[in-house]
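Each value in this text was obtained by applying a stated rule to the coordinates, not by laboratory testing. This structure is a prediction, so every number in the text was calculated from the model and none was measured. Because the Cβ atoms are built from the backbone with ideal geometry, glycine has one as well, and the counts that use them run over all protein chains shown.
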Amino acid sequence: MDQNENDDNFMKIFKYYKSNKPKPSMENVLSVEDKNHVEKVVPLIGNSLSDNRTEFLGLKNFQSWQLYSFPGHPGLFLIRNPFTGIGQRYWIRKCLEEYPRKPNITNIDIEVVIDDWWRECYIDGTCNRQLLKKLRWTTLGYHHNWDTKVYSDNNRTTFPEDLAELSDVVASYLEYSGYKAEAAIVNYYHMKSTLSAHTDHSEVNLQAPLFSFSFGQSAIFLLGGQEKSTVPSAILVQSGDILIMSQQARVCYHAVPKILPAKSSPWDYDSKVLIDNEMPTFKYIKSPKNLISSLNCNTDDKIWSKYRDYVRESRINMNVRQVLNENQTNLADPVFIDK
Ligand SMILES: O=C(O)CCC(=O)C(=O)O
């Protein structure tokens, strides 16, 4: 193989998994539940201490979390669905109802600026499916600039407290100190959507891990190397899974060539009501009482049916990043490098 042919390795695998005719084989897709890939997906012991914020953020106790590493990809980890049923419902609903609201930015803005996309989709009591399908991304915190790939202090809005708290809990499970969620892209995929190969390198801080939370339908996620010539691995990502891209994996090419029908609907399991008798101390959430009611209102199946209809044929991914170094409060602050 000459160098030019090598350059296409990522693209070749992307096209293979994207294809519908012929359908790709799932044999080499790494799944944490598949015992055929034991050397490529290795269970790890995570932090066994508890964090009393978990149940209020729709998460199971740390003791029942399942953490995996991928020896072929140092720095890549997967936590297999640590969410409760009601937790999945909470986050799915947030991504649909709240995060696309102004002042957050969406892909629809270049065509028409809509203050409240979800409300607009249901404004006359029926579902505007055309508008519903139009949303592909929304950005939070430091808004990603798709053209320049450079963040700006002038294009920053308040990062959602609940998502900052969720990211902080995941960081504490993984024993990352000083982590702070400052930017996110929420991606919305339909059954034929794909996301092409790219690296995420806009953040000043590339040492901090990137947390990728997935809900709804499943996906094949490709992770390669720092060059497109590296043959990527294909990984099955299911509803509730958290992928962590850190160290070397943080700067590697990745893509989503295919959305797959989910084997089950975990957002419909164990949706029990939470009681707020003993509230923990939160780092970012200022009104925890509202959190309990926002979690609990999702136990009503009638209210929840619109969100269920959406995820039945879509996938949502919240891609959370730290932008700044620990000693910075904005991009204009000087960066101090430890010698
Ligand atoms: O949807 C995913 O799993 C990946 C999303 C992603 O790579 C991104 O937002 O940069």
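Cα to Cα, under 16 Å, and not fewer than 8 places away if on the same chain: which lysines meet these conditions relative to Lys283? Cross-link targets: Lys180.
Against the empirical curve 2.2 N^0.38 Å, the C-alpha radius of gyration of segment 104-234 lands at a ratio of 1.20. Once the chain from Lys35 to Thr299 is taken as fully extended at 0.36 nm per residue, the excess over their C-alpha distance is 91.6 nm.
Once you have the Cα-Cα distance between Asp109 and Ile123, take 0.36 nm times their residue separation minus that, and quote the gain in nm to one decimal. Before the final figure, lay out each step's value.
Working: separation 14, 0.36 × 14 = 5.04 nm, distance 1.84 nm.
Here the segment from Asp109 to Ile123 would lengthen by 3.2 nm.
Taking 22 Å as R0, compute the FRET efficiency from the Cβ-Cβ separation of Trp146 and Asp7 and round it to 0.05.
0.35
As a length-normalised measure over Cα pairs under 8 Å and 6 or more apart, the relative contact order of the chain settles at 24 percent. About its Cα centre, the chain has a charge dipole of approximately 920 debye under the convention of +1 per Lys or Arg Cβ and -1 per Asp or Glu Cβ, with nothing else charged.
When a/c is below 1.5 the answer is rounded, else prolate if a/b is larger than b/c, else oblate, so apply that to segment 249-301 with a ≥ b ≥ c taken from the square roots of the Cα gyration tensor eigenvalues.
In terms of gyration-tensor shape, oblate.
Taking the highest mean first, how do the peptides 304-310, 110-116, 318-324, 25-31 order by number of other beta carbon atoms within 10 angstrom per residue? Can you show the working numbers first?
Working: 304-310: 16.4, 110-116: 11.1, 318-324: 23.9, 25-31: 14.7.
The packing order, highest mean first, is 318-324, 304-310, 25-31, 110-116.
Each label was represented as a point 7 Å from its Cα along the Cα-to-Cβ direction; for Ser48 and Lys18 these points are 4.6 nm apart. The phi-based Karplus calculation (6.51 cos²θ - 1.76 cosθ + 1.60; θ = phi - 60°) puts the 3J(HN,Hα) values of segment 8-15 at 8, 4, 5, 4, 4, 5, 4, 5 Hz, whole numbers, x for Gly and Pro.
In nm, to one decimal, how far is the Thr230 label point from the Asp116 one, both placed 7 Å along Cα→Cβ? The modelled label-to-label distance comes out at 4.5 nm. For Lys306, the aspartates and glutamates whose Cα falls under 15 Å of its own Cα, not counting residues fewer than eight places away in the same chain, are Glu97, Glu98, Glu120, Asp124, Asp268.
Regarding segment 174-241, what's the average projected area of the Cα-atom convex hull, expressed in nm²? Working shown, then result.
Working: hull surface 23.4 nm².
Hull-based average projected area comes out at 5.9 nm².
A simple rule links phi to the HN-Hα coupling: the Karplus curve 6.51 cos²θ - 1.76 cosθ + 1.60 with θ = phi - 60°, which for segment 93-110 gives 5, 4, 5, 8, 8, 10, 5, x, 6, 4, x, 5, 10, 10, 5, 6, 3, 5 Hz, with x for Gly and Pro. The gain in end-to-end length when the Arg312 to Thr194 segment is fully stretched comes to 40.8 nm, 0.36 nm per residue minus the alpha carbon separation. Overall shape of the chain was characterised from the C-alpha gyration tensor. The equivalent ellipsoid obtained from it has semi-axes of 29, 24, 23 Å, in decreasing order. With kT/(6 pi eta Rh) evaluated at 37 °C and eta = 0.692 mPa s, and Rh the Kirkwood radius from Cα pairs, segment 1-53 diffuses with a coefficient of 221 µm²/s according to Stokes-Einstein. With only the Cα atoms considered, segment 232-339 has a convex hull volume of 196 Å³ per residue. Enumerate the aspartates and glutamates that Lys286 could reach by cross-link, defined here as Cα to Cα under 13 Å, with residues fewer than 8 away along the same chain left out. Once the sequence-local aspartates and glutamates are set aside, what remains near Lys286 is Glu161, Asp162, Glu165. Reported to the nearest whole Å, the Cα centre-to-centre distance from segment 69-122 to segment 218-256 is 19. Once you order the gyration tensor axes a ≥ b ≥ c over the Cα atoms, which shape class does segment 217-267 get: rounded for a/c under 1.5, otherwise prolate or oblate by comparing a/b with b/c? Oblate shape, in that a/c is at least 1.5 and b/c is the bigger or equal ratio. With the convex hull drawn around the C-alpha atoms of segment 1-158, the volume per residue stands at 235 Å³.
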